[in-house]
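No lab work stands behind these numbers, since they all come straight from the coordinates. Note that this is a predicted model, so its numbers are computed, not measured. All Cβ positions, glycine included, derive from the backbone under ideal geometry; neighbour counts span all protein chains shown.
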Amino acid sequence: MLENLYRLLQVQVVLFVLMQLALLYLQGSALRRHGNRCFLLLVVSTVCGICVLIFNGALVFFTPSEASLLWCYSLNFLFGAIQGFLGIIGATLLFRDYRHLAEQCSTPSATKNTDGRNT
């Protein structure tokens with residue numbers, strides 16, 4: 001039973017790394033197309049998330065010593081904090097830019113008929 005749990009943890013780490021890499025690809029493509037700083041922050045945040053998964057994976061795939069355990073948890077905390085901070089800022093900037101774009105694309109000149117339809 002414990003070996004099945006250990007295998008499940010290994011599959012989880014690999015699956016999450018693959019998902020983060022897919023997300024990184026999407027964010028990197030958006031950064032190349034648009035050059036917006038929100039995408040740069042999200043890319044760096046995702047890279048930090050991949051680092052967290054790698055350090056967690058090291059604990060799952062290898063038998064850690066006390067020193068490596070301390071390093072892995074310290075680096076997990078550092079990269080996790082950076083990931084969260086940059087991810088929140090990047091998402092906030094992305095939503096702000098989207099709001100500005102939506103405001104620019106709205107049609108204030110459209111008038112409403114008496115039946116509520118735009119003309």
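Cα axis of helix 66-105 to longest principal axis of the chain: angle in degrees, 0 to 90, nearest 10?
Long axis of 66-105 versus the principal axis of the chain: about 10 degrees.
State whether the chain is rounded, prolate or oblate according to the following rule on the C-alpha gyration tensor (a ≥ b ≥ c being the square roots of its eigenvalues): a/c under 1.5 gives rounded; otherwise a/b larger than b/c gives prolate, and the remaining case gives oblate.
On the way: a/c = 3.74, a/b = 2.57, b/c = 1.45.
Taking the square roots of the gyration eigenvalues as a ≥ b ≥ c, the chain is prolate.
Hey, what number do you get for the chain at 222 nm if only DSSP H runs of n ≥ 4 count, each worth -39500 (n - 2.57), divided across all residues, to the nearest 500? Let's see the in-between values first.
Details: 3 runs with 98 residues, N = 119.
Helix contribution divided over all residues of the chain: -30000 deg cm²/dmol.
With a cut-off of at most 10 other beta carbons within 10 Å, and DSSP calling the residue loop, which chymotrypsin sites (Phe, Trp or Tyr not before Pro) in segment 1-107 qualify? Please list them.
Those that pass, being in a loop and sparsely packed, are 62.
Using only Cα atoms, find the angle between the long axis of helix 2-34 and the longest principal axis of the chain, and express it within 0 to 90 degrees, rounded to the nearest 10.
40 degrees
Listing 11, 17 from the residue with the fewest other Cβ atoms within 10 Å to the one with the most, what is the order?
On the way: 11 11, 17 16.
By the 10 Å Cβ count, ascending: 11, 17.
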